[in-house]
1. Each label point is 7 Å from the Cα along the Cα-to-Cβ direction; what then is the distance between the points at ASP91 and LEU166, in nm?
2. I want to make sure I understand the PRE zone here: with the label point 7 angstrom from the Cα of SER80 toward its beta carbon, which residues in segment 42-65 have backbone N atoms less than 14 Å away?
3. Take the Cα coordinates of the chain, assign each an equal point scatterer, and use the Debye formula without solvent to give log10 I(q)/I(0) at q = 0.12, 0.13, 0.15 Å⁻¹.
4. By the gyration tensor of its Cα atoms, with a ≥ b ≥ c the square roots of the eigenvalues, what is the shape of segment 56-149: rounded for a/c under 1.5, prolate for a/b over b/c, or oblate?
5. Considering the options ALA9, ALA45, TRP70, tell which one lies farthest towards the positive end of the dipole of segment 3-184, charges being +1 on Lys and Arg and -1 on Asp and Glu at the Cβ, about the Cα centre.
6. For a protection proxy built on the mean count of beta-carbon atoms within 10 angstrom, sort 113-121, 174-182 highest first, please.
7. Pop a pseudo-label 7 angstrom from the Cα along the beta-carbon direction at both ASP131 and GLN111 and give the gap in nm to one decimal.
8. Taking K and R as +1 and D and E as -1, what net charge do the other residues with C-beta under 15 Å from the C-beta of LEU57 add up to?
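What follows is calculated from the coordinates using simple rules that are stated; it is not laboratory data. Source: prediction; values computed, not measured. With ideal geometry, Cβ positions are generated from the backbone for all residues, glycine too; neighbour counts draw on all protein chains shown.
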Amino acid sequence: MRTQYYTAASLDGFLATEDHSLEWLFPLVDIQDTSLPQFMEGVGALAMGSSTYEWMLRHVIHAPGGGSPWPYAQPTWVFSSRKREAVPDADIRFVQGDVRPVHEAMRGALQGSGRNIWLVGGGELVGQFFDAGLLDEIIVQVGSVTLGSGAPLLPRRIALPRRLELTQVRRFGPGMAELRYDVLREGAPPAAPKGAGA
C-alpha cells in the first residue's frame with residue numbers, strides 16, 4: 001500500500017492559475033492516453049483539500065449545462081475546516097486537523113486490499129502528508145506551458161535526509177512528460193530506475 005501524489009503541473013510548477021482554472025491542461029493531452037486509467041485501477045481511497053473539492057463541485061457536479069455524478073467509487077476523505085456541501089450517493093468523509101490519524105483510518109479501510117491512497121491535491125495538503133513522513137511517491141505530468149503564477153505543485157522545500165529519487169520518465173504525446181519520484185527516508189537505499197518511455 002502506497003500513498004501517492006498523482007497530478008499535473010505546468011512547466012514552471014503550478015497546478016492551476018490564480019483563479020483555480022485548469023483550462024491550460026486539457027488541450028495538451030487526452031487523459032485516456034496517459035497513465036491515469038491504469039493508475040486508477042490501483043487506487044482504493046482518495047484524500048483532497050477543500051479547494052480541490054470545491055473545484056469538483058463547480059466543474060463536475062454542478063457543471064454549466066448539466067452536471068455529472070461524483071466520478072469516484074472509492075471512499076474520499078475531504079479536509080475542510082468548515083461545513084461543505086455533500087454529494088448524494090458518494091462516499092465522502094469530511095475531516096480536519098492532523099493528517100496522521102486520517103491516514104491511519106484510510107489505511108485501515110484498505111487493509112488487505114492491496115490498493116493505494118491517492119492524494120488528489122492540493123499542494124499544501126500533500127505537503128502536510130510529506131511533513132508527517134506519510135508520502136511514498138510523487139507522480140507528476142508536466143505540461144509544455146508556463147503559467148507564471150498560481151497554485152504551486154508542492155509548497156515545500158524537499159532536501160536531504162528525506163529526498164526524492166527519480167524512478168521513471170515517460171512521454172505522452174507532444175505536450176506531456178510524466179516524472180515519477182520515490183520519497184526516500186533517511187538511510188533508505190536509492191531506487192532502481194524503471195527506464196524511460198517514449
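1. With each label point 7 Å from Cα toward Cβ, the separation is 3.8 nm.
2. Taking a point 7 Å out along Cα→Cβ of SER80, the residues of segment 42-65 whose backbone N falls under 14 Å are 48-62.
3. -0.62, -0.73, -1.01
4. Values: a/c = 1.59, a/b = 1.12, b/c = 1.42.
Oblate, because a/c is 1.5 or more while a/b does not exceed b/c.
5. ALA45
6. Details: 113-121: 19.7, 174-182: 17.1.
Highest-to-lowest ranking by the protection proxy: 113-121, 174-182.
7. 2.9
8. Neighbourhood net charge equals +1.
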